[in-house]
Every structure is written in C-alpha cells, then in structure tokens.
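Novice: Provided herewith is a single structure, encoded as structure tokens, for subsequent inquiry.
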4 protein chains.
Amino acid sequence: MTNTQVTLLQIDNYGPWTVTPEPRREADLQTLQSRLYADVSQFVGARDGYVFFTRFDNMVGVTNGLDIDDHRLLQESINNRYPVTVSLGIATGQTPIQALSDATALIQDAGSAQDADRRNVLDGRIVDDAHRTESDVQIAHFDVVDATGEYTDELNAFDSFIEIEQGYAELMRYMRSAHDSLSFFVGGDNIIAVCPTLDRAAYEDAIDHVESAVGVELRVGVGRGNTAHVAGMDAKHALEHCRATGSILDLAWE
Amino acid sequence: MTNTQVTLLQIDNYGPWTVTPEPRREADLQTLQSRLYADVSQFVGARDGYVFFTRFDNMVGVTNGLDIDDHRLLQESINNRYPVTVSLGIATGQTPIQALSDATALIQDAGSAQDADRRNVLDGRIVDDAHRTESDVQIAHFDVVDATGEYTDELNAFDSFIEIEQGYAELMRYMRSAHDSLSFFVGGDNIIAVCPTLDRAAYEDAIDHVESAVGVELRVGVGRGNTAHVAGMDAKHALEHCRATGSILDLAWE
Amino acid sequence: MTNTQVTLLQIDNYGPWTVTPEPRREADLQTLQSRLYADVSQFVGARDGYVFFTRFDNMVGVTNGLDIDDHRLLQESINNRYPVTVSLGIATGQTPIQALSDATALIQDAGSAQDADRRNVLDGRIVDDAHRTESDVQIAHFDVVDATGEYTDELNAFDSFIEIEQGYAELMRYMRSAHDSLSFFVGGDNIIAVCPTLDRAAYEDAIDHVESAVGVELRVGVGRGNTAHVAGMDAKHALEHCRATGSILDLAWE
Amino acid sequence: MTNTQVTLLQIDNYGPWTVTPEPRREADLQTLQSRLYADVSQFVGARDGYVFFTRFDNMVGVTNGLDIDDHRLLQESINNRYPVTVSLGIATGQTPIQALSDATALIQDAGSAQDADRRNVLDGRIVDDAHRTESDVQIAHFDVVDATGEYTDELNAFDSFIEIEQGYAELMRYMRSAHDSLSFFVGGDNIIAVCPTLDRAAYEDAIDHVESAVGVELRVGVGRGNTAHVAGMDAKHALEHCRATGSILDLAWE
C-alpha cells in the first residue's frame, strides 16, 4: 500500500509582487521561476525526492525521506537567496491526491495565496522512519510512442506541442478522477504520474482512454520504492524495457 | 501588419542523451532543462525578446531585435557551459505560426531531432533593421479571472492546476486554429499569446470560446511594439487596466 | 581535539579543455566556474559543510557529516549537468592541512590534473558516525576592522581590494606555516580559517603578525562544532560579539 | 592610446544584510555571491565586456561597448531576481586605474557602502560610439609556467594555492603601482590584467619583478581591441603562442 508524502510549495503573495510597483519584465519572472524550481529540484532530488514545476508559483513535491528540518532548511535557503518567500505544507496519505489535499489545506488555513501577511508557513507531518516501506511510492513514467517520428520531425514545433499537450491534459484529468493520481508534464514527451497502488489494468485503462479521447498513443513504465527517486528510476528502466520490446506497459516488479 | 521573428531552439539528440548509458536522475534533468531555459530567457530577454519553455527540449522565442550574430553567440555560450548542444532555426512571417513553421523546417531539413550527427544547426533570416516597425509584434497577456479566490485558495493544488491547465489547453488550440497565434502557459494563471494583427472581436471570440468549452473565465490585455518586450509590457499594463476596471479586454493602443 | 574531514574537488583536465579546440570565451568560463562552485556549495552546505572556491578548478570542502555516497551523488549530479567532470579526494586528520594533503595525494596518485584519461576519481575515507564529536571542526571567521570606513568608502575600489588582499595573503601563509590552518577569502572583507585545536594565544599571534607585516587590522570570532556549519555559525556570532564590544577576539566557547 | 571604460558594481548595504537579523548561512551567501557574479558576467560578456569578481560585493567590469541603458537594464534585472540591490558607477580614462577611481568616486559621493538609504545608484559616462577605437582596451592574460607540473600535481592543494596566490598578490600590487593596471585572479593559474598602452618592456619588467620577489614564474599574452572580449581573445591566442613556442611574452599585434 502506498504512503506518499507530498509537499506543496507556494510562493507567498507572488501575483501582487510581479506587478508591484509596476509589472516586472517577463524574462526576469521566467528566469526567477525556473531557477527557483531548479534549486528546489536539486535540494529535494539530492534527498531522493521529486519536485514538479506545476504552475511554478505552486510546486508539488514527493518528499518521502525528507523530514521537517529538511523542509525548514530549504525554506531558509530560499529566504536567503531570493526576493520572495515560500510556504510549505507537508502531508501523507494512501493516495497522492489525498496527501496533496491535506498539504494544500495546511497552507490555505494559514491565509490566502495573496495575503501579504502570510509568509513562510511551514506545517505538516512526515512518514516516520519506523513506518517507511519499499512500496510507499509508486511512480509511472509515460512517454508518447514515436513522438519524434510522428510529431517532432514532421509537424511544426507548435503543432507537435499541441499534440503532446492534449495528451497530457487528457491523462492528467483522467488519472486524477479515475485513479487518484497526480500527473505532471516533465518536458519532451514525458509525463510522470505519482500513483496509489495501481495494477496493470489501471494503466491499460488510462492509455486506452487517452488514445480514444485525443488520439495520442502513450506507453508507460512503472516502479515502486521507498522514495520517488527509487520508484522513478525503476519506472525509467521499465520504460526503457518498453522501448526495447515494443510493449506499451511494463511494471518493474513483475 | 505584424512581422514576427520566431526562433525555434531544439536540444540536439536530447532524448537519447537522457538515457545514455543509463537513465539519468530525473532531478538533474529537470534542473538542466529549467536552467538552460532560464539562461536562454535572460540572453534573449536582455535584447527585448521573449522565450517560452514549451517542451523544454524545444523552446520558442520571439526574437525581433536579435540578429544572426546574437543567435550564434547564444549557441556558442550554451556549448561552452552545458553538456548538450542546441540547434536554432529563425524565420519571419506575417503570422507567428507561419514563422514558426518555417523555423521548424530549417531544423528538420538538417536532420532528425534524434540524429547524433546533427548538431549546432544555425539557419534562417531576420527582420532587417530597415524593415522593422512598431507593429511587428502583437502580444496578448491572458489571466484567469479571480484565479486565487476561485481556485488557489479553494481547491487542492492539483485541482486548481487542472482548471488552469484545461483553460490553457483549450485556448492554445483555439488561438492556433482560429487565429494563427501561439499561446504559452507562463506560470501562475498567466498565458501569453503571440498573435498576428488581431482585433477586439478576435479576443472576445477566444475568451467566449474557452468559457463555453471548459468553463474557465479569462481576461486579456493586448499590446504592440517592435519587440516582444515592448508589446508585452504594453499588454501587461493593459491587463492591469482590466484588473482595475473589471473589464475583460483591453487593447493598449485604443 | 579536532578531526577535520576535508574534500578536495578537482575539475578533470580543465586547463586543456578551456583552450580546446580554441580558447573559450572568458565570460563563459567565469560563469561555468562560479556556477559550479555555487552548486557544490549548495549541495555541501545543505548537509552542513563548507566549500571554498580556492582556485575554482580546485575547491576545498570541510565535509564532516557527508559520507561517501553523498560525494558520489554530488559527482554524478555534476556529470549530468556540466560539460566537465570532477575528481574527489576525501581524508580526515587532526589538522586540516594534514587532511588536505592526504586528500590531494589520493587524486594525484590517480593521475595528473591534465591527464585526459583520469576522470571521476572518488577515493578516501570519512569520520565514522561513531567517532564524530562536538569538537571535530574549529572555524575562525576573520574580518577587517572598519573596512568600510577605512577602505571601501575612502580608496578607489582596486586599492581597497589590494589592502584586503594583502591582509589575506599574509594571513593565509602565516596560519598555514605557524598554525596548520587553511584560510580562505570568502568575499567582502571576510576570511574563514579551518583550524586545528588552537587557543586564544594563537589567534592573537596571527592578528599581530598580519598587522605588523602588512598593516591590516583583523579581528576574529571562533567556533567549534561537529560540522563546519555549526562551528562556523558559532564563529559568526562570536564575530558579531566583537563588533558589538569592540574586542578583536572572541571564542564562542569561553 | 587606451580609453578603458570601467564599471564598478557594489552591492548596496551588503555587510549589514548578511547579519540581519541573524548571521545568514555561509553556504547561502557564497551561492548568492557567485551566482550574482555569474549573471553579471553573462550579461556583460554577451556584450563583449569582462567582469571580475574581485571582492564579490564589489565587482569590476571593463564595459567598452555597453551604454547607460545596458547598465540600467542590468540593474533592473538584478533588482527583479535577487534579495539585494546594486549600485553602478561608470567612468572612462586613459588608464584603467584612473577610470576605476572615477567610477568609485561616483558611488562614494552618493553615500556609504553601508548606508541603508543609498540604493540603485546609476551614474557615469561611457565612451561614445564616435570615439571608440581598436586600441581602447589592452588586456594581458598571464599564467604560471608549468603550474600543473610544479604545483598542482606535486604539492598539496593548499600549498599550490599559496604559490599561485603569492604570485598574484605580488603582480596585482606591482602592476598597479608601476604600470597603472588592474590585475585579477580568474581561476586556475590565470591572471588577467587590464592595462593602459604598455609595451614589451613593461611586461618583461613585471614578470621579472614577480619572479625575483616571490619566485613564481609567469608568462603573458597581450591583446588589444575595441572591447575586452576582442582584446582578451587576442591575448588568449598570444598566450597559446607562448605555450607552443616556450616564450614568456607574446604581443598579439607584433
């Protein structure tokens, strides 16, 4: 049974900051956001977690293995190096969506995302070391079958992007509603889903759904582990196995 | 009449690199991609262009004001500091989609995105200084009406993201097919569209379409200029005007 | 008794790389070096170590608290994100200079700094958890008395820099030969020395020596701890105490 | 005759900021400083200037080719992305030291480096396009003869560093007093000097002085150009010529 630890990172009062006193240069905002994400990704990744950029002002992490002190240090380090502060909500749950809901509530309860007085919230709970198991995290790594041959080398770059994006939009919505999973586009033609304990049929269902809904053909490798990195690396190897064999689904543990 | 200069940046042979000899740590790939994007954004932004992260391995820039030497320097600097190389296609056109199609073709004609021998392509043409005008670039800056109150402070972070994302997916597709525009999610609840010479009715049409299709209420400020930055800053101010007055559409030049 | 764990990081074959096939742009080399240093500093700092930029192609870390796997992960992450690789030698000793000598020997024994075939060396030993103590690391944080009033606000920026630099050059040499310590300029008017178990008289001696040799007046706060961060933060507070009281020497534990 | 345009960048009120309300983590300060330097180096370098990190809170740039608007944009971009602000003084002169003195005075006249109310100073003058020439900037690129064989591969990393550092300390002081030049350590065993119109005898004199004073054997390539990059790249090629021929001095224009 999965027991996913999810962290929501929200930049405090970011919207108002971007236009105060005047709208700031877009290139600077893009640079700030993507570098903040890169830093959070390095910090969490060096402790075997995953972080997804999501909306950039709201990032979602799978943080099994990080304790509250780790989160406090991340918050302090951002404080020391950026012109913005961040709030962190941490929760655990048998489904990723439940954990994220609880993590979100911790931040919402402390004030609005556009409340100038709500800064540096740090609240939540982690999976204690004593309760951590090898099946806490289940990661599914999807990509688009022959994306380069079908899209990148054939269509203009925006129409390729539309295809990938529509596949992603459909998958994210379906995996959320049908399978309590959180799916994130991670660049190229790759989507990573953080899942509860799903079986083969669930992934086949999702792949079928996306193909019939928007015509994008996906395949997926799935892994499990006590951290996102361990689960995710197994998922990557499983996906490599798909590429080598032509199958569309590989579960690392089968 | 717009005359948009578009640059397609494509990381050479990136997919294979990410899994050679073994799949690389996801956190490192995310860090590499987002920092590369940040650097490109700073370089182009310091010359008053915009760059969108798109799929990260394929980025799209609006580069009016940058010449071929600027592009060559960007390519050389990436070569000097990253473990990957990039190819650049540059084209101009009366619609952004036409320019991007031509820019894409320049890179595709030189080889596949997964061709190990195709590296450092630099090809294309710019808008000569003599032909540049104040209406070359038209930028529309959209956001979601009351995204914080409706979504961020109310729903869990993933369901908020789904709402924003579905609005974006619908807008990107519609603006592409109906209005020859390129729309990019830029974080938070913001979408920036690079447009041909569209009028008030076109934006009203797009906003209506997204609301009726997926129930997400957008508003937009639109600006024009000889660069993306000038047009985009006018669009930002126009959007601020919407926020102040409660309107859903403001054209900076009217 | 101190038991300092020192890591030497050396960029592999860097000199030849900087001029192959042609000399690379200096601004890119500077950017590469300083960002690599920043990344190493974040990685090690998030585990409560210190890293000094030294010559940039050779960096020195105080890494009590990091194990071999941490070092391997750092090396892998650099491999994944930079166009250069690094070798790491790790050693422990009752004096920092002895530890660094041993760490250096591990890398030198594997090949020359300009040997194209010597890459990604990782060798050495750490202080086992069972043997770690609160006095393993002793850090002295020096600054120049009234550097702003005497130099920065009075002299041109280069002559201010010469004064600071001559003070540093004298201190680094004297602390090395007389007190087996490693001293590093860390910006502004700050110098951090990694020391064996030195007493009050040793620091007074060093301060006197620098003032009589080059006329630069230093003061110092000193701390101890099981990591560089703990010792260094105590040293910073001790130095703040000097600033508040006008004294030139404060030992955090007295 | 050289006409060097020099920019002094000073972080506003940085010392107090680093200890308010409590001393900040050293690793974060090091990261902040080195990344700020990297960003400034990229910005200025992309316009063919050079920037030296100097004391990190005071950086020195050779900015021929950048106008006041470029400097304003750099300042604004730092404002948008960092928790600190910077002041910029710009001056020109027939010797680099005179230009830097004038640039320093512009900032000093506006207030102390530790004045909380002095922020974002931007003052000075540039070399007008009409007066720019191919001999405006003269750059000398020094390195240590056989540094790898003599030091890096033989001594421990700190004793190697002491040798390089003592060579640098002596050269910086001598080139300043005897030849009105600004010399900066740039990593490895490399020193770059920004010079007035010096001839062969001056460089021979400086090399002889350093060898007799501290026993460090230097060689140097020298270039001229209308920007630091052009002059510096010529200097690099001249130094390569030294390496190839075994000479210790090469002037690119002879």
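Novice: Please work out which one of (1) at negative phi; (2) more than 14 Å from the chain's Cα centre (by Cα) is the condition residue C:65 fails and give its number.
Specialist: Result: residue C:65 passes all but (1).
Here is a yes/no grid of residues against (1) at pLDDT below 95; (2) within 17 Å of residue D:185 (Cα to Cα):
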site: C:12; (1), (2): no, no
site: C:17; (1), (2): no, no
site: C:21; (1), (2): yes, no
site: C:49; (1), (2): no, no
site: C:55; (1), (2): no, yes
site: C:63; (1), (2): no, no
site: C:68; (1), (2): no, no
site: C:75; (1), (2): no, no
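Novice: Something else about it: Mind checking which residues of segment A:160-180 are more than 19 Å from the chain's Cα centre (by Cα) and of a type outside the set (Asp, Glu)? Show your work before the answer.
Specialist: We begin by selecting, within segment A:160-180, every residue more than 19 Å from the chain's Cα centre (by Cα); these are A:160-163.
A:160, A:161, A:162 - these are the residues of segment A:160-180 that are more than 19 Å from the chain's Cα centre (by Cα) and of a type outside the set (Asp, Glu).
Novice: Could you check residue A:127 against (1) assigned to a loop (DSSP other than H, G, I, E, B); (2) within 13 Å of chain B (Cβ to nearest Cβ); (3) in contact with a strand residue (DSSP E or B) (Cβ under 6 Å, 6 or more places away or on another chain) and say which number it fails?
Specialist: (2)
Novice: Hey, among C:85, C:7, which residue is within 14 Å of the chain's Cα centre (by Cα), β-branched (Val, Ile, Thr) and more than 10 Å from chain D (Cβ to nearest Cβ)?
Specialist: Numbers: C:85 fails: within 14 Å of the chain's Cα centre (by Cα).
Residue meeting the stated conditions: C:7.
Novice: Still on this structure, please answer the following. Can you give me the number of residues within segment D:10-25 that are among the hydroxyl-bearing types (Ser, Thr, Tyr) and within 15 Å of the chain's Cα centre (by Cα)? Even if it seems obvious, please write down each step before you answer.
Specialist: The initial filter retains those residues of segment D:10-25 that are among the hydroxyl-bearing types (Ser, Thr, Tyr), namely D:14, D:18, D:20.
Now narrow it down to the ones that are within 15 Å of the chain's Cα centre (by Cα): none.
Residues in segment D:10-25 being among the hydroxyl-bearing types (Ser, Thr, Tyr) and within 15 Å of the chain's Cα centre (by Cα): 0 in total.
Novice: So which residues in segment D:171-190 are over 19 Å from residue D:60 (Cα atoms) and surrounded by 23 or more Cβ atoms within 10 Å (Cβ to Cβ), if there are any at all? Explain how you work it out, then say what you get.
Specialist: So in segment D:171-190, the residues over 19 Å from residue D:60 (Cα atoms) come out as D:178, D:188-189.
Result: D:188, D:189.
Novice: Select from segment C:92-120 the residues that are in contact with a Leu (Cβ under 7 Å, 6 or more places away or on another chain) and not hydroxyl-bearing (Ser, Thr, Tyr) and list them in ascending order.
Specialist: In the first step, residues of segment C:92-120 are kept if they are in contact with a Leu (Cβ under 7 Å, 6 or more places away or on another chain); the result is C:96-97, C:100, C:103-104, C:107.
Matches in segment C:92-120: C:96, C:97, C:100, C:103, C:107.
Novice: Something else about it: Please state which of the following conditions residue A:157 fails to meet, knowing it meets all the rest: (1) more than 21 Å from the chain's Cα centre (by Cα); (2) surrounded by fewer than 21 Cβ atoms within 10 Å (Cβ to Cβ); (3) under 23 Å from residue B:15 (Cα atoms).
Specialist: Among (1) more than 21 Å from the chain's Cα centre (by Cα); (2) surrounded by fewer than 21 Cβ atoms within 10 Å (Cβ to Cβ); (3) under 23 Å from residue B:15 (Cα atoms), the lone unmet condition for residue A:157 is (2).
Novice: Pick out the one residue from D:213, D:206, D:228 that is closer than 18 Å to residue C:23 by Cβ and either out of contact with any Leu (no Cβ under 6 Å at 6 or more places or on another chain) or away from every other protein chain (no Cβ under 14 Å) (or both). Explain how you work it out, then say what you get.
Specialist: Details: D:213 fails: closer than 18 Å to residue C:23 by Cβ; D:206 fails: closer than 18 Å to residue C:23 by Cβ.
So the residue among D:213, D:206, D:228 that is closer than 18 Å to residue C:23 by Cβ and either out of contact with any Leu (no Cβ under 6 Å at 6 or more places or on another chain) or away from every other protein chain (no Cβ under 14 Å) (or both) is D:228.
Novice: So, one more: Does residue D:12 satisfy the criteria of being more than 11 Å from chain C (Cβ to nearest Cβ) and touching a residue at least 12 places away in the same chain (Cβ under 8 Å)?
Specialist: Details: more than 11 Å from chain C (Cβ to nearest Cβ): yes; touching a residue at least 12 places away in the same chain (Cβ under 8 Å): yes.
Taking the combined requirement at face value, the residue satisfies it.
Novice: Another one. From (1) part of a helix (DSSP H, G or I); (2) under 23 Å from residue B:236 (Cβ atoms); (3) more than 8 Å from chain A (Cβ to nearest Cβ); (4) more than 16 Å from the chain's Cα centre (by Cα), pick out the condition that doesn't hold for residue B:148.
Specialist: Residue B:148 satisfies every listed condition except (3).
Novice: For segment D:111-122, indicate whether the set of residues that are facing chain C (nearest Cβ under 8 Å) and surrounded by fewer than 18 Cβ atoms within 10 Å (Cβ to Cβ) is non-empty. Step through it out loud before you land on a result.
Specialist: First, pick out the residues of segment D:111-122 that are facing chain C (nearest Cβ under 8 Å): D:112-114.
Of the ones still in play, those that are also surrounded by fewer than 18 Cβ atoms within 10 Å (Cβ to Cβ) are D:112, D:114.
Among the residues of segment D:111-122, at least one is facing chain C (nearest Cβ under 8 Å) and surrounded by fewer than 18 Cβ atoms within 10 Å (Cβ to Cβ), which makes the answer yes.
Novice: Can you report the number of residues in segment D:154-169 which are facing chain C (nearest Cβ under 9 Å) and assigned to a helix (DSSP H, G or I)? Before the answer, list the steps.
Specialist: Here is the first cut: in segment D:154-169, the residues facing chain C (nearest Cβ under 9 Å) are D:154-162, D:164-166, D:168-169.
Still in the running and assigned to a helix (DSSP H, G or I): D:157-162, D:164-166, D:168-169.
Looking only at that region, the number is 11.
Novice: If you go through segment A:99-123, how many residues are under 22 Å from the mean Cα position of the chain (by Cα) and of a type in the set (D, E, K, R)? Can you show your working first?
Specialist: In the first step, residues of segment A:99-123 are kept if they are under 22 Å from the mean Cα position of the chain (by Cα); the result is A:99-108, A:113, A:120-123.
Narrowing further to those that are of a type in the set (D, E, K, R): A:102, A:123.
Looking only at that region, the number is 2.
Novice: Here's a follow-up. Quick check on segment A:26-52: of everything there that is more than 7 Å from every other protein chain (Cβ to nearest Cβ) and under 11 Å from the mean Cα position of the chain (by Cα), which residue is surrounded by the fewest Cβ atoms within 10 Å (Cβ to Cβ)?
Specialist: Only one residue tops the list, namely A:52.
Novice: Here is a check on your reading of the model: is residue A:197 surrounded by fewer than 19 Cβ atoms within 10 Å (Cβ to Cβ), under 22 Å from residue A:100 (Cβ atoms) and outside the structural domain of residue A:98 (by TED's automatic domain parsing)? Lay out the reasoning, then the answer.
Specialist: Values: surrounded by fewer than 19 Cβ atoms within 10 Å (Cβ to Cβ): yes; under 22 Å from residue A:100 (Cβ atoms): yes; outside the structural domain of residue A:98 (by TED's automatic domain parsing): yes.
So residue A:197 fits the description; yes.
Novice: Let me ask something else about it. Here is a check on your reading of the model: is residue B:227 under 19 Å from the mean Cα position of the chain (by Cα) and surrounded by fewer than 24 Cβ atoms within 10 Å (Cβ to Cβ)?
Specialist: Numbers: under 19 Å from the mean Cα position of the chain (by Cα): yes; surrounded by fewer than 24 Cβ atoms within 10 Å (Cβ to Cβ): yes.
For residue B:227, the condition - under 19 Å from the mean Cα position of the chain (by Cα) and surrounded by fewer than 24 Cβ atoms within 10 Å (Cβ to Cβ) - is met.
Novice: Could you list all residues from segment D:117-149 that are more than 30 Å from residue D:188 (Cα to Cα), of a type in the set (A, V, I, L, M, F, W, C) and in contact with a helix residue (DSSP H, G or I) (Cβ under 9 Å, 6 or more places away or on another chain)?
Specialist: Of all residues in segment D:117-149, those more than 30 Å from residue D:188 (Cα to Cα) come to D:117-133.
Now narrow it down to the ones that are of a type in the set (A, V, I, L, M, F, W, C): D:121-122, D:126-127, D:130.
D:121, D:122, D:126 - these are the residues of segment D:117-149 that are more than 30 Å from residue D:188 (Cα to Cα), of a type in the set (A, V, I, L, M, F, W, C) and in contact with a helix residue (DSSP H, G or I) (Cβ under 9 Å, 6 or more places away or on another chain).
Novice: Okay, next question. For segment D:135-170, which residues satisfy the criterion of being closer than 30 Å to residue D:96 by Cα and of a type in the set (Val, Ile, Thr)?
Specialist: Within segment D:135-170, D:137, D:139, D:144, D:145, D:162, D:164 qualify.
Novice: Hey, which of the strands (runs of 3 or more DSSP E) in segment A:173-254, taking only ones fully inside, have at least 3 residues that are of a type in the set (A, V, I, L, M, F, W, C) and touching a residue at least 24 places away in the same chain (Cβ under 8 Å)? Before you say what the answer is, go through the steps one by one.
Specialist: On the way: elements: A:182-185, A:190-195, A:218-225, A:249-251.
Counting at least 3 such residues, we get A:190-195, A:218-225.
Novice: Among D:130, D:110, which is out of contact with any Lys or Arg (no Cβ under 8 Å at 6 or more places or on another chain) and either of a type outside the set (D, E, K, R) or at pLDDT 95 or above (or both)?
Specialist: Criteria check complete, one pass: D:130.
The values are calculated or read from the model by the stated rules, or taken from the named source; none is laboratory data. These numbers were taken from a predicted model, which means no experiment stands behind them. Cβ: placed from backbone, ideal geometry, glycine included. Neighbour counts: every protein chain shown.
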